[in-house]
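Colleague: The following block contains the structure, expressed as structure tokens.
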């Protein structure tokens with residue numbers, strides 16, 4: 001969704017949507033850390049957010065479900081990003097095509113990756 005908005009010139013809408021996604025994910029990560037004592041990696045936080053939302057739906061409907069998530073790692077390497085978000089210092093950075101090409105140029109060649 002976000003790349004489609006950006007391609008159509010909707011950078012402001014895409015940026016706003018990205019901030020909402022990040023806020024929901026960060027809120028879920030912090031709740032999980034407070035309850036479980038583990039700060040999840042940002043990638044896992046998406047699954048945690050969906051699991052929380054699903055649990056709330058089950059509570060409201062009275063439906064019993066087993067909800068399983070995959071915790072793929074801890075977020076301790078992401079502490080700076082979490083801190084910047086909580087302090088209101090998070091910046092949106094959208095790389096240019098030139099930035100991406102410079103990064104791709106540093107990927108080493110190996111058989112099957114040529």
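The values are calculated or read from the model by the stated rules, or taken from the named source; none is laboratory data. Quick caveat, the model's predicted, so the values are computed rather than measured. Cβ coordinates were reconstructed from backbone atoms using ideal geometry, including for glycine residues, and neighbour counts include every protein chain displayed.
Colleague: Could you check how many residues of the stretch 34-43 are part of a helix (DSSP H, G or I) and free of Cβ contacts under 8 Å to residues at least 24 places away in the same chain? Quick ask: steps written out before the conclusion?
Modeller: First, the residues of the stretch 34-43 that are part of a helix (DSSP H, G or I): 34-36, 42-43.
If we keep only those that are free of Cβ contacts under 8 Å to residues at least 24 places away in the same chain too, we end up with 34-36.
Number satisfying all stated conditions: 3.
Colleague: Then there is this: Which of (1) in contact with a helix residue (DSSP H, G or I) (Cβ under 8 Å, 6 or more places away or on another chain); (2) loosely packed, with under 10 Cβ neighbours inside 10 Å; (3) closer than 22 Å to residue 29 by Cβ; (4) free of Cβ contacts under 8 Å to residues at least 24 places away in the same chain does residue 64 not meet, given it meets every other one?
Modeller: Condition (3) is where residue 64 drops out.
Colleague: Does the stretch 86-94 contain any residue that is closer than 15 Å to residue 26 by Cα, surrounded by 13 or more Cβ atoms within 10 Å (Cβ to Cβ), under 15 Å from the mean Cα position of the chain (by Cα) and modelled with pLDDT under 85?
Modeller: Yes, the stretch 86-94 contains at least one residue that is closer than 15 Å to residue 26 by Cα, surrounded by 13 or more Cβ atoms within 10 Å (Cβ to Cβ), under 15 Å from the mean Cα position of the chain (by Cα) and modelled with pLDDT under 85.
Colleague: Would the stretch 44-63 turn up any residue that is outside any helix (DSSP H, G or I), more than 28 Å from residue 77 (Cα to Cα) and modelled with pLDDT of 85 or more? Can you show your working first?
Modeller: Taking the stretch 44-63 first, the residues outside any helix (DSSP H, G or I) are 62-63.
Pick out the ones that are also more than 28 Å from residue 77 (Cα to Cα) and you get 62-63.
Narrowing further to those that are modelled with pLDDT of 85 or more: 62-63.
Yes - at least one qualifying residue is present in the stretch 44-63.
Colleague: Please verify whether residue 69 is surrounded by 14 or more Cβ atoms within 10 Å (Cβ to Cβ), modelled with pLDDT of 80 or more and either in contact with a helix residue (DSSP H, G or I) (Cβ under 8 Å, 6 or more places away or on another chain) or not in a helix (DSSP H, G or I) (or both), treating the condition exactly as stated.
Modeller: So residue 69 passes the test.
Colleague: While we're on this one: Could you tell me which residue of the stretch 72-114 is farthest from residue 38 (Cα to Cα), considering only residues that are in contact (Cβ under 8 Å) with a residue 60 or more places away in the chain and in a loop (DSSP other than H, G, I, E, B)?
Modeller: Only one residue tops the list, namely 94.
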